[in-house]
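What follows is a single structure, written as structure tokens, with notes after it.
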Amino acid sequence: MREKSKLILLVILAAASIAGYLFIELGPNWDYALPRRAEKIAAIVLTGSVIAIATLLFQTVTNNRILTPSIIGLDSLYMLVQTTLVFFLGSTSLTVMNKQVNFAISVGFMVLFALVLYRLLFRREGQNIYFLLLLGLIFGTFFGSFTSFMQVLIDPNEFQIIQDRMFASFNNIQTEVFMMAIALTGATLLYLMKFVKYLDVLSLGKDTAINLGVDYDYTVKRLLVIIAILISVATALVGPITFLGLLVVNVAYEMFKTYKHSTLIFASALVSVVALAGGQMLVEHVFTFSTQLSVIINFIGGIYFIYLLLKESKK
Amino acid sequence: MVEVHSVSKSYGLKAVVDDVSVNIEKGKITSFIGPNGAGKSTLLSIISRLMSADSGEVLIDGQKVKETKSRDLAKKIAILKQSNHLSLRLSVRDLVSFGRFPYSQGKLTKEDHVYIDEAIRYMELEDMQDKYLDQLSGGQKQRAFIAMTIAQDTEYILLDEPLNNLDMKHSVQIMKVLRRLADELGKTVLIVIHDINFASVYSDYIVALKDGKIEAQGTVNEIITSLTLKQIYGMDMSIQEINNQKICVYFS
């Protein structure tokens, strides 16, 4: 039962980093600070788990451990939506507009885009999943170019407002939409439970999965929609942060050396919470807000990514 | 019985399988032979629902494959494709256990473990059942995958080039196991195979494909003749009888 003890260790670590974040340098005005910190840490736990699970699912569906769902262009679409809003309605729309409406629009567009993409893919039978990735990559680049096009046209002051949205940050979490995010995530994860038993089989590849009686197209389509919703929620909550997923899922794989998704789902979510809560603690107490968490994550994640590529190429 | 009724499949304009009809006998080993690109693997994939045909239909025991639930089919027919590269950290026993998925949906029962043990014993993998797949040689890995299909306990077992990359010893070992599966357990085995001497010695029936069409089909004695093989492969072969087995000598 080494797996169990490792999981327990992770739970303790996660709890410790959450507690550390909540109580370090709390100061005398704790009745003011604590609820604010609690709100933030709740968002961190939610985003962290959601990104980790979505990435794990995505890697299983694509049978590839160096991919993240950002490859299908959801992040770029989020930026496009935000930029378009500012472009047509002015920066006040972002600050003035009801946050819930903005959240609903962003998530709505991202899920809609994913659905259209999958429609294209599954309309013809026997389409390769890499075709989806290629399409997503092209759309992502297109969205990105279109976004920069609009950004150079708008007033520099307005651009500054958008720039805040371009990097994931836990310092301006959209707490107003937090309840909506929890409800949406909860419902999606409940739906995911139905498919958990197929995940191990899917990781053996398409042919073997079909051979073992998995309704491949049906299952993969639903998993992809689940991934799109989870990514959209996380992105709309804190900004583009999918790189984190690559990092934590691979750490979970290395730690547990198992193929069982029932373990991996919890493991990667916990690693993610430890990384985010611990990282945010560093940002606030060590760097005293002089940097953003996403910068640290991208730095460490980038190094790890290169390490993975080198390791894979040696095989 | 597997019945294939005028099945066609094309990629773009090229017809890979062209109006093929064939019946496969139960409890026998049927080998599909033919030159590269003849459509053997595609036909096997269509029979096992990995691909769908453009036209025509496949019936297994009178039931249309297209209209049967995937999970029910998984208890009737097992397919193993060539090149099974996995980057998962999986032990041999884990892999074989996956064969029970159609029955237990991931929660193994006592009965499942009996089947798993038996499959491992059948492929003589007892010593290495706790080894991880990435520690095994190509032949051992191939045997582990075949053990998975045996654990699936299906009446029909379809193997796409099971001897690929195997040395003679392991090739013979695998063919002998297939022979036992047919003779002792009454399984129906369909294999795509390139070495016609293995096809000649170990199978009951041979179906020869060429350019997506059936060129010849029948018992081993009917197909392994200089004339028929010349039609199929377009080269001269002399057939020698050694120990009552027909051996083709094609090194000219």
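Scanning region A:183-240 for residues that are more than 30 Å from residue B:141 (Cα to Cα) and of a type in the set (S, T, N, Q) gives A:185, A:188, A:232, A:235.
Whenever a residue of region A:108-137 is away from every other protein chain (no Cβ under 14 Å) and over 22 Å from residue A:235 (Cβ atoms), it has no partner that is surrounded by fewer than 18 Cβ atoms within 10 Å (Cβ to Cβ) and modelled with pLDDT under 80 lying with C-beta atoms less than 8 angstrom away and at least six residues away or across chains. Across region B:214-252, the qualifying residues are those that are of a type in the set (Val, Ile, Thr) and in contact with a Phe, Trp or Tyr (Cβ under 9 Å, 6 or more places away or on another chain), and the one among them that is modelled with the highest pLDDT is B:219. Being assigned to a strand (DSSP E or B) and free of Cβ contacts under 8 Å to residues at least 60 places away in the same chain is the filter here; which residues of region B:30-57 pass it? Residues satisfying the conditions are B:55, B:56, B:57.
Rundown of residues vs (1) surrounded by 15 or more Cβ atoms within 10 Å (Cβ to Cβ); (2) touching a strand residue (DSSP E or B) at 6+ places or on another chain (Cβ under 7 Å); (3) in a helix (DSSP H, G or I); (4) without any contact (Cβ under 8 Å) to a residue 40 or more places away in the chain, yes/no style:
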position: B:107; (1), (2), (3), (4): no, no, no, yes
position: B:117; (1), (2), (3), (4): yes, no, yes, yes
position: B:130; (1), (2), (3), (4): no, yes, no, yes
position: B:171; (1), (2), (3), (4): yes, no, yes, yes
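Among the residues of region A:198-230, just one is within 8 Å of chain B (Cβ to nearest Cβ), under 10 Å from residue B:70 (Cβ atoms) and among the small types (Gly, Ala, Ser), namely A:213.
Here's the yes/no breakdown for (1) over 29 Å from residue A:186 (Cβ atoms); (2) crowded, with 24+ Cβ neighbours inside 10 Å:
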| residue | (1), (2) |
| --- | --- |
| A:218 | no, no |
| A:223 | no, no |
| A:234 | no, yes |
| A:254 | yes, no |
| A:268 | no, yes |
| A:273 | no, yes |
| A:302 | yes, no |
| A:305 | yes, no |
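The conditions of being in a helix (DSSP H, G or I), at pLDDT 85 or above and closer than 30 Å to residue B:153 by Cα are not met by residue A:214.
Residue B:124 fulfils the conditions (1) assigned to a loop (DSSP other than H, G, I, E, B); (2) more than 14 Å from every other protein chain (Cβ to nearest Cβ); (3) under 19 Å from the mean Cα position of the chain (by Cα) except for a single criterion, (3).
Which condition number in (1) at pLDDT 85 or above; (2) exposed (fewer than 13 other Cβ atoms within 10 Å of the Cβ); (3) of a type outside the set (Lys, Arg) is the one that residue A:92 fails? The failed condition is (1). Remark: residue B:22 matches the filter, which requires a residue to be more than 14 Å from every other protein chain (Cβ to nearest Cβ), farther than 17 Å from residue B:196 by Cβ and not charged (D, E, K, R).
When the residues of region A:31-67 are filtered to those that are more than 15 Å from residue A:239 (Cβ to Cβ) and among the hydroxyl-bearing types (Ser, Thr, Tyr), which remaining residue is farthest from the chain's Cα centre (by Cα)? Filtering region A:31-67 for residues that are more than 15 Å from residue A:239 (Cβ to Cβ) and among the hydroxyl-bearing types (Ser, Thr, Tyr), the one farthest from the chain's Cα centre (by Cα) comes out as A:32. Restricting attention to region B:58-86, the residues that are more than 7 Å from chain A (Cβ to nearest Cβ) and either within 21 Å of residue B:192 (Cβ to Cβ) or part of a loop (DSSP other than H, G, I, E, B) (or both) add up to 16. Residues in region B:202-252 that are free of Cβ contacts under 8 Å to residues at least 12 places away in the same chain and among the polar types (S, T, N, Q): B:240, B:243, B:244.
The values are calculated or read from the model by the stated rules, or taken from the named source; none is laboratory data. Every value quoted in this text rests on a predicted model; they were computed, and no experiment measured them. Don't worry about glycine lacking a Cβ; one is built from the backbone with ideal geometry, like all the others, and counts go over all protein chains shown.
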